[in-house]
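**Student:** Take a look at the following structure, please.
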Amino acid sequence: MIVVAAFVVPVLGSPALRAQSPDESARRIAITLGVGGAAAFPGSLETSGPALRVAMPLLVGPRGDALQVRADVASTTVFGVGDRTGVWEILSLEGLVDLYLGPVLGFELHIGIAGIAQVASPMAAGVGLAGGGAWVFRFWEDDRRRLKLEFAGAIGGYFGDDPGNDLGMNAAAGIIGLGYETPL
């Protein structure tokens, strides 16, 4: 009976039997700089300008040979210039799939829910769906260091009356740019 207990206790105990690999660490950050566009409220009139996206994993699943899943929290900011100046912000919680297409090349695909804000005159807030993807290039031995060609955005609706707009979804913002992901 004592021999059986010696094997059962480690299995039922809290310490993990398998050590977490560095690929499964959530301690990383991805920063993307690029150009963005937004649908300005009211009327969904387009504005564009420089954009910034910052994403950090909340949970990272085990890495397989060709696939890894994770959950990220992300902030995408579009700085509109031109006729409509202001800031458009997307805060999102996204599920993400990393596809490994070889030792260097990969692809990310993410989708989730988002809060959208227009910090311009008039100010507006709303909710929507976020999503996007990236071509990922891993040139380093540490798989968490990556270059990305990324596109991301959200579409949804502002909590406000937009009488001249026929679209049910009158809020949108997005970015396309070059990013870098690194461990913290």
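The values are calculated or read from the model by the stated rules, or taken from the named source; none is laboratory data. Keep in mind it's a predicted model, so treat the numbers as computed, not measured. FYI the Cβ positions are ideal-geometry reconstructions off the backbone, even for glycines, and counts take in every protein chain you see.
**Student:** Which numbered condition trips up Phe151, out of (1) more than 16 Å from Leu33 (Cα to Cα); (2) modelled with pLDDT of 90 or more; (3) part of a strand (DSSP E or B)?
**Tutor:** (1)
**Student:** Considering only residues that are more than 12 Å from Gly36 (Cβ to Cβ) and surrounded by 15 or more Cβ atoms within 10 Å (Cβ to Cβ), look in the range 62-85 and name the one that is modelled with the lowest pLDDT.
**Tutor:** Per the stated criteria, the residue is Arg84.
**Student:** Does Asp143 satisfy the criteria of being in contact with a Pro (Cβ under 9 Å, 6 or more places away or on another chain) and closer than 18 Å to Gly80 by Cβ?
**Tutor:** No; evaluated as a whole, the condition is false for this residue.
**Student:** So which residues in the range 78-100 are β-branched (Val, Ile, Thr) and in contact with a Phe, Trp or Tyr (Cβ under 7 Å, 6 or more places away or on another chain)? Break it down into steps so the answer makes sense when it comes.
**Tutor:** Applying the first criterion (β-branched (Val, Ile, Thr)) to the range 78-100 yields 78, 81, 85, 87, 90, 97.
Matches in the range 78-100: Val78, Val87.
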